[in-house]
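The values are calculated or read from the model by the stated rules, or taken from the named source; none is laboratory data. The structure presented is a predicted model; accordingly, all values stated were derived computationally and were not measured. Virtual Cβ from ideal backbone geometry, glycine too; neighbours counted across all protein chains shown. The accessibility values were calculated without ligands, DNA or RNA, using every heavy atom of the protein model including side chains. Shrake-Rupley method; radii C 1.70, N 1.55, O 1.52, S 1.80 Å.
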Amino acid sequence: MTIDSDSIPQQGPEQERVTRNLGEILQELRVALPGVQVLFAFLLAVPLQTRFGQINAFEKDVYFATLLCTAASAALMITPTAYHRVTFRLQQKEHLVKVANRCSIAGLIFLVLAMCGALLLVTDILFGTLAAALTAAGAALMFVILWGVIPSSRCAAGRRRSVSGPGGPDLPQGIFELRDQAGVGLAVLKHFQVSVPQINADLECDRVDLVRIQI
């Protein structure tokens, strides 16, 4: 039995963008999850050590909070995979991208708390409370800058450029299809103001065209 290729639904630019975004999110989670799993395994093995019974009440509280944050981070980062498998073939990719993005961000927040908690626990056992507080605070500041401040500042700069891009007049608001030199659709921009030179610079390509689809 042969299948007519015309009967197979083809993805439009919007569906291609959603599929690409979902693939990027899942790839990012594959990078982050091994670290969460290693930390979780370490925390589960800690109570089996002979010295664990000698830690004070504060260290036990830090350990338990860190264990819970690690479990929450793992659960949130695995959620997109489980969601995708349960909703397979139900055309839920666009909603899945939104869910995966929120779960990934929440998972990273809990991962920061877990790693800071692990540093606090280990440093407190080795060097005391003051060194532990300074180490945990320094680690938290590093994570906030690298994982929060720098990406957020880049997003803010991108939003400012999208309102008024340098190098050419802004396009009126509407719905446009972004096409490359070969005329292949790359993305659909809805109610978006941006200049073509700025898109060329952001995509690092020689030329792209914006074709109006709808006003």
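Sorting the segments 123-131, 66-74, 49-57, 32-40 by their mean number of nearby beta carbons within 10 angstrom, highest to lowest, gives 66-74, 32-40, 123-131, 49-57. The label point for Gln27 and the one for Ile145, both projected 7 Å from the Cα toward the Cβ, are 2.9 nm apart. Note on Phe58: accessible area is roughly 100 Å² with a 1.4 Å probe, heavy atoms of protein only. Normalised Debye scattering of the stretch 1-131 at q = 0.10 Å⁻¹ gives log10 I(q)/I(0) of -0.47, counting only Cα atoms as equal scatterers and leaving out solvent.
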